[in-house]
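For reference, the structure discussed in these notes is given below.
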2 protein chains.
Amino acid sequence: MKSVVPVTVVEIKTACSQCNLRELCLPFGLDPGEVNQLDELVGSRRKIKRQQHLYRSGDPFEAIYAIRAGSFKTDVILEDGRDQVTGFQMTGEVLGLDGISSEEHSCNAIALEDSEVCVIPFGRLEELSRQVESLQHQFHKIMSREIVRDHGVMMLLGSMRAEERLAAFLLNMSQRFTVRGFSPSEFHLRMTRDEIGSYLGLKLETVSRAFSRFQEEGLVAVQQKHIRILDTPGLKRILNHHTA
Amino acid sequence: MKSVVPVTVVEIKTACSQCNLRELCLPFGLDPGEVNQLDELVGSRRKIKRQQHLYRSGDPFEAIYAIRAGSFKTDVILEDGRDQVTGFQMTGEVLGLDGISSEEHSCNAIALEDSEVCVIPFGRLEELSRQVESLQHQFHKIMSREIVRDHGVMMLLGSMRAEERLAAFLLNMSQRFTVRGFSPSEFHLRMTRDEIGSYLGLKLETVSRAFSRFQEEGLVAVQQKHIRILDTPGLKRILNHHTA
DNA sequence: AAATCGTATTGATGTGGATCAAAGGGCTCC
DNA sequence: GGAGCCCTTTGATCCACATCAATACGATTT
């Protein structure tokens, strides 16, 4: 027999005010009353199965998405088939900002595992952020953070060597897991070597070799997608000790 | 003898409502009354001489800047001295968005020629964009456009070969000159080969060689920084005809 | 008009990562 | 719980771009 628990109970359970990601997400810096207003705006949630698209390049832009559970990659594909992973996104991060400029999405967002997002209709977000100063400011910070992040990737792609890129990637992942309350030194990557390679501007074989080298040097223990960082300072040294 | 024309005359002359860049810039989509409100907000203008910084990484973030005249580059510098040019900006484009996220600038903005910017205090911009919906939306579009642009650069750096990168760069410059009412096929680059190389993730010699090759093939006529594009479809073909 | 210095071009050689190739390991899906 | 397939690792070779080096050009200064 089906449960008769009203839907509202579920909705309350998943509201921003109850969400343990709120410190990372759009509600950051809002007072409780404001968070409730935001709750009303977040119309629905959407589950996305592994390998499925949240949106595709060319789709009309209507909403941005906050990741409640799981993780995603975004990529751009050229006519000739070449593609570039432009980012990996984790819980509490916002997807879809690329679509604002032209009213349609300019990249693909694909779930790396079974995931769930909060759908935030963009018109209503703009409306509410005209009334709620702290929401407006937090939204601007999130967009700006994306720009700063992209500049970091440009630096990585434009002037780092393969092992530096992978070290930067691992340290970045570690830091983001830490913020989410997971271990800084032991985690599971949801993306393949090929996807890491695309993101870092390297071929998958090069990524694999760099992992092996790090393992030989005792910097990390690698078992497929399971990563244990053994020597964080050592990884940081690879990044900074560039003998130009 | 000095002129006694009141300062206000100059200020009116340089107001958003009178500016021929308004279709490219923050006032786009605003009605005349709204543009006047924006005028009041743009407190001052600042002249920046060639090679001087508009802001530096680490400077406190207080304002964003719209380029009235001239052009800029932005770059990021690592502790070990390596640097990466993250963009070139032309008239009507906005600088400083990187600073919103952390309240301080995260890159350097340097004038490529004697230039002038409109200073837009950010707190007041947020305030006004809470009242003026079209300004809010245009500002969001400008931030989003920056994100989309950065994704394009990531694609370029991550998966294109040297000549493809340079072709993409030239076509992009051409398109931006065109929008500003200049010739699509003949223009003057304000940046050095070294700066182009940094932006494209190449060494200056490689940039120079790619220019020479394009010239041999009759695609462009290059005379130092003066560029004449002779075969736009040919350049586009280099971009797309990637035989993977 | 000569001197200077930053910028650009071109050539010769070196190398990091790509490409090609093959085999082993672990998921996923019946 | 087994079959198939995707993912990963590792080795051998190749090549695009970096590096090193020398010269030439152009703008600015004197």
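How many residues are over 14 Å from A:T74 (Cα atoms), buried (at least 18 other Cβ atoms within 10 Å of the Cβ) and within 12 Å of DNA strand C (Cβ to nearest atom) if we restrict to segment A:180-192?
Adding up the residues that qualify gives 1.
Quick one: A:S144 ticks every box in (1) within 27 Å of B:G201 (Cα to Cα); (2) more than 12 Å from DNA strand C (Cβ to nearest atom); (3) hydroxyl-bearing (S, T, Y); (4) surrounded by fewer than 21 Cβ atoms within 10 Å (Cβ to Cβ) except a single one, so which number is it?
(4)
Could you give every pair whose Cβ atoms fall below 7 Å, whose first residue belongs to segment A:199-223 and is under 15 Å from B:S159 (Cα atoms) and within 6 Å of DNA strand D (Cβ to nearest atom), and whose second residue is part of a helix (DSSP H, G or I) and at pLDDT 95 or above, counting only separations of at least 6 or pairs across chains?
What qualifies is A:L204/A:R193; A:L204/A:D194; A:L204/A:G197.
Of the residues B:G234, B:G152, B:G218, B:G158, only one is on the phi > 0 side of the Ramachandran plot and among the small types (G, A, S); which? Break it down stepwise before answering.
Values: B:G234 fails: on the phi > 0 side of the Ramachandran plot; B:G152 fails: on the phi > 0 side of the Ramachandran plot; B:G158 fails: on the phi > 0 side of the Ramachandran plot.
Result of the check over B:G234, B:G152, B:G218, B:G158: B:G218.
Report yes if some residue within segment A:207-216 is modelled with pLDDT of 95 or more and either of a type in the set (F, W, Y) or touching a Cys at 6+ places or on another chain (Cβ under 7 Å) (or both); otherwise report no.
Looking for residues that are modelled with pLDDT of 95 or more and either of a type in the set (F, W, Y) or touching a Cys at 6+ places or on another chain (Cβ under 7 Å) (or both), one finds at least one in segment A:207-216, hence yes.
Considering only segment A:134-157, state which residues are of a type in the set (D, E, K, R) and in contact with a helix residue (DSSP H, G or I) (Cβ under 7 Å, 6 or more places away or on another chain).
Selection gives A:E146, A:D150.
When you check A:T14 against the structure, is it of a type in the set (V, I, T) and at pLDDT 95 or above, yes or no?
no
Looking only at segment B:126-161, count how many residues are in contact with a strand residue (DSSP E or B) (Cβ under 7 Å, 6 or more places away or on another chain) and aliphatic (A, V, I, L, M).
Result for segment B:126-161: 3.
Quickly run through segment A:224-244 and pick out the residues that are in contact (Cβ under 8 Å) with a residue 60 or more places away in the chain, away from every other protein chain (no Cβ under 14 Å) and part of a loop (DSSP other than H, G, I, E, B).
none
Would you confirm, using the coordinates I've provided, whether B:D194 is free of Cβ contacts under 8 Å to residues at least 24 places away in the same chain, within 27 Å of B:I110 (Cβ to Cβ) and among the charged types (D, E, K, R)?
Details: free of Cβ contacts under 8 Å to residues at least 24 places away in the same chain: yes; within 27 Å of B:I110 (Cβ to Cβ): yes; among the charged types (D, E, K, R): yes.
Criteria met by B:D194.
On the given criteria, is A:L202 over 30 Å from B:G197 (Cβ atoms) and crowded, with 16+ Cβ neighbours inside 10 Å?
On the way: over 30 Å from B:G197 (Cβ atoms): no; crowded, with 16+ Cβ neighbours inside 10 Å: yes.
Spelling it out, it is not the case that A:L202 is over 30 Å from B:G197 (Cβ atoms) and crowded, with 16+ Cβ neighbours inside 10 Å.
For segment A:147-169, name all the residues that are more than 11 Å from chain B (Cβ to nearest Cβ) and surrounded by fewer than 22 Cβ atoms within 10 Å (Cβ to Cβ).
Within segment A:147-169, A:A162, A:E163, A:F169 qualify.
Within segment B:216-244, take every residue that is loosely packed, with under 15 Cβ neighbours inside 10 Å and among the polar types (S, T, N, Q) and give me the one that is nearest to B:L189 (Cα to Cα).
B:Q224
Of the residues that sit in segment B:74-123 and are hydroxyl-bearing (S, T, Y) and more than 12 Å from every other protein chain (Cβ to nearest Cβ), which one is nearest to A:G158 (Cα to Cα)? Give the derivation first.
Applying the first criterion (hydroxyl-bearing (S, T, Y)) to segment B:74-123 yields B:74, B:86, B:91, B:101-102, B:106, B:115.
Retained after the next criterion (residues that are more than 12 Å from every other protein chain (Cβ to nearest Cβ)): B:91, B:115.
Details: B:T91: 26, B:S115: 27 Å.
My answer is B:T91.
Return the only residue of A:E113, A:E195 being assigned to a loop (DSSP other than H, G, I, E, B), of a type in the set (D, E) and either within 16 Å of DNA strand C (Cβ to nearest atom) or touching a strand residue (DSSP E or B) at 6+ places or on another chain (Cβ under 7 Å) (or both).
Unique residue meeting the criteria: A:E113.
Taking the condition of being buried (at least 17 other Cβ atoms within 10 Å of the Cβ) and assigned to a strand (DSSP E or B), how many residues in segment B:101-110 meet it?
Taking segment B:101-110 as the starting set, the residues that turn out to be buried (at least 17 other Cβ atoms within 10 Å of the Cβ) are B:101, B:105-110.
Restricting the remaining residues to those that are assigned to a strand (DSSP E or B) gives B:108-110.
The total comes to 3.
Please go through segment B:137-153 and pick out each residue that is more than 16 Å from DNA strand D (Cβ to nearest atom) and among the aliphatic types (A, V, I, L, M).
As a first pass, look at segment B:137-153 and keep what is more than 16 Å from DNA strand D (Cβ to nearest atom): B:137-152.
Answer for segment B:137-153, where residues must be more than 16 Å from DNA strand D (Cβ to nearest atom) and among the aliphatic types (A, V, I, L, M): B:I142, B:M143, B:I147, B:V148.
Just one of B:L125, B:L166, B:L170, B:L156 is more than 27 Å from A:L125 (Cα to Cα), in contact (Cβ under 8 Å) with a residue 60 or more places away in the chain and in contact with a Phe, Trp or Tyr (Cβ under 9 Å, 6 or more places away or on another chain); which is it?
Numbers: B:L125 fails: more than 27 Å from A:L125 (Cα to Cα); B:L166 fails: in contact (Cβ under 8 Å) with a residue 60 or more places away in the chain; B:L156 fails: in contact (Cβ under 8 Å) with a residue 60 or more places away in the chain.
Result of the check over B:L125, B:L166, B:L170, B:L156: B:L170.
Given the options A:F177, A:F169, name the one that is within 16 Å of DNA strand C (Cβ to nearest atom), farther than 15 Å from B:Q84 by Cα and either touching a helix residue (DSSP H, G or I) at 6+ places or on another chain (Cβ under 7 Å) or assigned to a helix (DSSP H, G or I) (or both).
The conditions single out A:F169.
Just for strands (runs of 3 or more DSSP E) wholly inside segment B:48-96: which have at least 2 residues that are within 19 Å of B:C19 (Cβ to Cβ)?
Per the criteria, B:63-69.
The values are calculated or read from the model by the stated rules, or taken from the named source; none is laboratory data. In this text the structure is predicted, and so the values were computed from the model without any measurement. Backbone-built Cβ (ideal geometry, glycine too); neighbour counts: all protein chains shown.
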